[in-house]
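Beneath this line is the structure, given in structure tokens, with notes to follow.
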Amino acid sequence: MALSVGASRLDSMTTAIEAIDLVRHFGQVKAVQGVSLEVAEGEIYGFLGPNGAGKSTIVRILTTLLGPTSGSGSVLGHHVVAERTTVRRLIGVALQEAGLDPKQTGRELLTLQGRLYGLRGQLLEAQVREVTELVGLTDAIDRRIQTYSGGMKRRLDLASALLHRPRVLFLDEPTTGLDPLSRVLIWDRIRELRARFGATIFLTTQYLEEADELADRVAIIDQGRIVRQGTPAALKAEVGADVIDVAIDERETGAARAAIKELQSSGELPGGELRGTERGYTLFVPDGPGNIAVLIRGLDRAGVRFGAVSLSRPTLDDVFLAATGGRMAAAAERAAAEQERTPEPAGRGPA
């Protein structure tokens, strides 16, 4: 698990990334609505949210690829609009869509990227070798990219972002669509980056377990606003209850809700929070083992047909549910008409 970064420690550390009241509109669409955040140097900061929540828009603003409608952002003290050239030289960026030429070899792509950053000669060769070893592509570096698997392409894109040894790295959903083994390999590389180089990492993800595994702190964004922020442990503690999930046939949801509310109003079932889910209902209650039997008896007595009933401790998924009223599907594909995409073209190298 990632080391926790408490408030007192953050106060004593240098700020690497800062956003103050960021707003971004696309016509009538309010993609980002007053987001403020602060990330300390050396921190892994997880940014969670469903498709269309504003994650990628904020990354594009902070990486100088998109201007804000209002508000401001800075990286290592440099304004992302007024000092965009400086910011681009200080950061590494791996976006959702890797800009890889399938006809190039991995070495050719990294060499070109290094030259864009002014690397030459033995220094360029040494840093290409360093990042290739770091991401585990030494045996494939002279193959054409069109022969790479999806996981290998993601690792090559990560190597490209690391080539100039950036102090701040933005990773926008780096493991979406990858198989479990490839995801774990990327996780290992992220941990190593912080351990070896003290890199600050801003990680957007739809995978709640990914944020739980890697991040010192997380923020949950929904409909363009941050709705929760803190360490994973603290956010889970805020839920303060056991979690009961019950699967209900959609034809029975009304009757099930009425039965549960009746149990709560009569005092048989503690009046914890009740949330609808895609599969049925989730209840946050104290003493889950003692109350799961009460729930089952009550539903049965009301003649409600139900499926699997499960009990668990709070997870980041439950934090997200409590914060937004809907679970975030970990494997969901990006929305086809995603409003977060920038219409402005931008190259991969520094300006």
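Just a few scattered comments:
- All positions within the stretch 230-259 that are out of contact with any strand residue (DSSP E or B) (no Cβ under 7 Å at 6 or more places or on another chain) and of a type in the set (A, V, I, L, M, F, W, C): Ala233, Ala234, Ala237, Ala255, Ala258, Ala259
- The sole residue among Ile244, Ile226, Ile248 that is in contact with a Leu (Cβ under 6 Å, 6 or more places away or on another chain) and modelled with pLDDT of 90 or more is Ile244.
- Qualifying positions in the stretch 106-140 - over 23 Å from Phe170 (Cα atoms) and surrounded by 17 or more Cβ atoms within 10 Å (Cβ to Cβ): Ala140
- Qualifying residue in the stretch 251-261 (condition: of a type in the set (Ser, Thr, Tyr) and in the same structural domain as Asp157 (by TED's automatic domain parsing)): no
- The set of residues from the stretch 264-296 being crowded, with 17+ Cβ neighbours inside 10 Å, in contact with a Lys or Arg (Cβ under 9 Å, 6 or more places away or on another chain) and not in a strand (DSSP E or B) comprises just one member, Gly288.
- So Val319, is it among the β-branched types (Val, Ile, Thr) and in contact with a Ser or Thr (Cβ under 9 Å, 6 or more places away or on another chain): no
- Restricting Val218, Val227 to those that are touching a strand residue (DSSP E or B) at 6+ places or on another chain (Cβ under 8 Å), in the same structural domain as Gly136 (by TED's automatic domain parsing) and buried (at least 22 other Cβ atoms within 10 Å of the Cβ) reduces the list to Val218.
- Residue ID - modelled with the lowest pLDDT, chosen from residues in the stretch 1-38 that are of a type in the set (Val, Ile, Thr) and more than 18 Å from Gly67 (Cβ to Cβ): Val5
- The single residue among Thr176, Thr200, Thr138, Thr204 that is in the same structural domain as Leu90 (by TED's automatic domain parsing) and in contact with a Lys or Arg (Cβ under 6 Å, 6 or more places away or on another chain) turns out to be Thr204.
- You will find that of Thr204, Thr231, the residue that is among the polar types (S, T, N, Q) and within 24 Å of Leu163 (Cβ to Cβ) is Thr204 and no other.
- Residues that are surrounded by 14 or more Cβ atoms within 10 Å (Cβ to Cβ) and out of contact with any helix residue (DSSP H, G or I) (no Cβ under 6 Å at 6 or more places or on another chain) within the stretch 153-165 comprise Lys153, Arg154, Arg155, Asp157, Leu158, Ala161, His164, listed in sequence order.
- Pairs with Cβ under 7 Å, 6+ apart, first in the stretch 221-235 and without any contact (Cβ under 8 Å) to a residue 40 or more places away in the chain, second in a strand (DSSP E or B): Gly230/Arg217
This table checks each residue for (1) farther than 30 Å from Ser36 by Cα; (2) in a helix (DSSP H, G or I).
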residue: Ser74; (1), (2): no, no
residue: Val87; (1), (2): no, yes
residue: Gly92; (1), (2): no, no
residue: Asp101; (1), (2): yes, no
residue: Arg107; (1), (2): yes, yes
residue: Thr111; (1), (2): yes, yes
residue: Arg115; (1), (2): yes, yes
residue: Leu119; (1), (2): yes, no
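The values are calculated or read from the model by the stated rules, or taken from the named source; none is laboratory data. None of the values given here were measured: they were computed from a predicted structure. Methodologically, a virtual Cβ is constructed for each residue, glycine included, from the backbone with ideal geometry; neighbour enumeration extends over all protein chains shown.
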